[in-house]
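This report concerns only the one structure given below.
Read the figures in this text as sums done on the coordinates, not as results from a lab. On a predicted model such as this, the values are computed, not experimentally measured, just so you know. No Cβ is skipped: glycine too gets one built from the backbone with ideal geometry, and neighbour counts run over all protein chains shown.
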Amino acid sequence: MYPFSGEDGLNLNMIDIHNCSEMSIFHLFMDHSIMKLIKKETNDYAAKLAHSDKHKNMVVEKSWKTLTINEMYGFILILLHMGYLTKPCISDYWTLEDFCSSKFAAKILTRDRFRAILSMLHFSSNMNYIPIDQAGHDPLYKMRPIYEHLQKKFEQVYRPKKQIAIDEAICGWRGRLRFKVYLKDKPTPWGIKMYELCESGSGYVFRFEIYAREPGLSNRPTDVVLRLMEPLLGQGYHLYTDKIIIPVQNCSHSLCKIKQCEQEPSVQIAWACQKR
């Protein structure tokens with residue numbers, strides 16, 4: 001067994017624990033650089049549509065006003081509000097009906113401005129697209145910048161304690177998407193599958209990987225585990241998972257089993273043994 005040598009906890013070089021607020025924590029992950037990138041790509045996309053013959057009669061493109069950083073922050077804030085206070089449709093957040101009115105969103109952006117930003121929202125230029133049948137195709141090119149940015153920030157801000165776990169998660173989605181999956185046992189069965197490496201005690205997501213069927217990237221469970229564990233290898237972490245992530249042959253029904261990963265002996269893998 002490897003002794004635990006990881007440096008867990010908050011990165012105190014990034015966080016002033018004596019003078020922090022909800023907004024300062026938000027800025028740790030969504031800093032000015034990524035917000036500027038989203039603003040630029042959104043404005044560029046709207047400008048291209050405004051000069052496109054295919055879309056010249058669309059009202060949103062004709063009435064578009066250049067997006068500002070403050071509006072970008074306001075847009076994200078409203079999205080967070082929508083996640084906290086669920087309503088049947090977007091327009092309900094601006095309704096004046098006494099029965100279901102809420103004034104929060106209207107204080108930040110008008111309904112039409114929010115919808116305009118939502119329709120133009122871009123994280124990456126369409127010029128980066130490589131067709132699926134050509135070398136270098138990236139199924140995640142639309143969101144690659146923010147995907148890599150959040151991955152980096154999650155690792156920088158906090159290091160997990162000794163007990164960690166990997167499991168599947170679903171980001172709900174029913175639209176058209178080549179790598180959309182269906183997992184019947186999840187609360188939201190249709191959507192985008194992700195593998196998440198989390199701290200067992202707090203649930204903090206340290207690393208994650210989207211299952212997008214990327215060319216040349218192995219989706220074997222053991223390979224996924226080793227990719228997610230890469231920054232923590234050799235530090236004595238205890239990884240907990242189940243038989244779906246790490247298949248087990250001839251597993252008895254004891255509480256759990258622990259073994260060394262064949263590819264990386266420093267990884268101690270424990271999995272629950274449950275009857276299906």
Prolate/oblate/rounded call for region 53-168, Cα gyration tensor, a/c under 1.5 rounded:
oblate
So for the pair residue 24, residue 217, with labels modelled 7 Å out along Cα→Cβ, what separation do we get in nm?
3.5
Most to least packed among 158-167, 75-84 [average Cβ atoms within 10 Å]:
158-167, 75-84
